[in-house]
Amino acid sequence: MAGDTIESVWIGSRKQPLKSPPAVIAATLEGKRIVRVHRAGKHIVFDLEGEVPPKQGARAVRGQTRQAASLQTAQWIVHLGMTGRMVVSEPAAELVKHTHLIAKLASGRELRFIDPRMFGKLSVHAGGFDPGGVEPLEVSEERFLELFRGRKTPIKSALLNQKLLRGVGNIYADESLFQAGIRPQKRAAAITRERLAKLHRAVGEVLREAIALGGSSISDYVDADGEEGFFQLQHRVYGREGEPCPVCRTAIRRVVLSGRSSHYCPKCQK
DNA sequence: ATACCGACCTGTCAGC
DNA sequence: TGCTGACAGGTCGGTA
């Protein structure tokens, strides 16, 4: 995407996936060059740059000298929610149901946002978007330990709290806790430093392995090229209730914790 | 401040 | 075949 320019934007009639008004999103994206696409937690971030339009707002202030061709920057933030997909398509590609936004690019390609359940979110920012929390792949062990200090909440809930650690979702929380040998229900504050240090390493290992395999395609997930991931084949506990633990063959259990299914091995995880 | 719980949506699948 | 209910990669706001 980097280097391509958004020429025009079509937005569907459903408003649910939008955090910013559709007209604002369209106006912010159109004519902008995509400088960089990166990720912050679960958010996809498009750094945009464009010329300041010649006529801004309803009225130009009389007598004010306009800056010559200054650059305007903005950020487009995309959160895929549960079933969101951002895919690069040829214009001729079939228009699938639940397509909510199409951005036509100067290269002739299209960037499409598809989301059946509409839990995804699109927004635009002038810049300085703050996703909150720390990156699990960058945080030091010391800072990681601090995140959970004194928290009485179950460790699973703390892992899912995006204000603490950003980017860990239900699958990766369960898989990391299995790898670290910690029960999801265990109170965060009651976990030893050594065990939390192990969790720190486990989160990193699980995420790196998942990323290397292209993510977990359970029903909807595909990457920007429409390719499915394969990490779902490596899930040790997630979605495996009743199946034998890969380590000790004990049946995997499922409990509901703060509204989310949590899977664990009752023997390996204490 | 903190912690559950329903709400937000559509789709799929198991069970009857 | 078709109905119903449970469940699904997430987050938010209300209530206790």
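A short reminder: the numbers here are calculations on the coordinates, not readings from a lab. Being a predicted model, the structure only gives us computed values, none of them experimental. No Cβ is skipped: glycine too gets one built from the backbone with ideal geometry, and neighbour counts run over all protein chains shown.
When A:Val247 is tested against the conditions (1) under 15 Å from A:Ala180 (Cα atoms); (2) in contact with a His (Cβ under 7 Å, 6 or more places away or on another chain); (3) surrounded by fewer than 15 Cβ atoms within 10 Å (Cβ to Cβ), the lone failure is (2). Within segment A:5-31, the set of residues being part of a strand (DSSP E or B) and out of contact with any helix residue (DSSP H, G or I) (no Cβ under 6 Å at 6 or more places or on another chain) comprises A:Thr5, A:Glu7, A:Ser8, A:Trp10, A:Leu18. Take A:Phe178 and tell me if it is touching a residue at least 40 places away in the same chain (Cβ under 8 Å) and more than 14 Å from DNA strand B (Cβ to nearest atom). When the stated conditions are applied, A:Phe178 passes them. The set of residues from segment A:228-247 being over 20 Å from A:Lys156 (Cβ atoms) and in a loop (DSSP other than H, G, I, E, B) comprises A:Glu228, A:Gly229, A:Phe230. Would you check if A:Pro91 is more than 30 Å from A:Lys270 (Cα to Cα) and either in a loop (DSSP other than H, G, I, E, B) or in contact with a Phe, Trp or Tyr (Cβ under 6 Å, 6 or more places away or on another chain) (or both)? So A:Pro91 passes the test. Per the listing A:Leu147, A:Leu137, the residue uniquely under 21 Å from the mean Cα position of the chain (by Cα) and free of Cβ contacts under 8 Å to residues at least 24 places away in the same chain is A:Leu147.
Criterion applied to A:Gly132, A:Gly150, A:Gly127, A:Gly167 was being assigned to a loop (DSSP other than H, G, I, E, B), away from DNA strand C (no atom under 16 Å from the Cβ) and within 30 Å of A:Pro21 (Cβ to Cβ), and the one residue passing it is A:Gly127. Consider segment A:258-270 and keep the residues that are surrounded by 18 or more Cβ atoms within 10 Å (Cβ to Cβ) and part of a strand (DSSP E or B). The one that is farthest from DNA strand C (Cβ to nearest atom) is A:Tyr264. For segment A:6-25, filtered to residues that are of a type in the set (Val, Ile, Thr) and out of contact with any Ser or Thr (no Cβ under 8 Å at 6 or more places or on another chain), the residue that is surrounded by the fewest Cβ atoms within 10 Å (Cβ to Cβ) is A:Val24.
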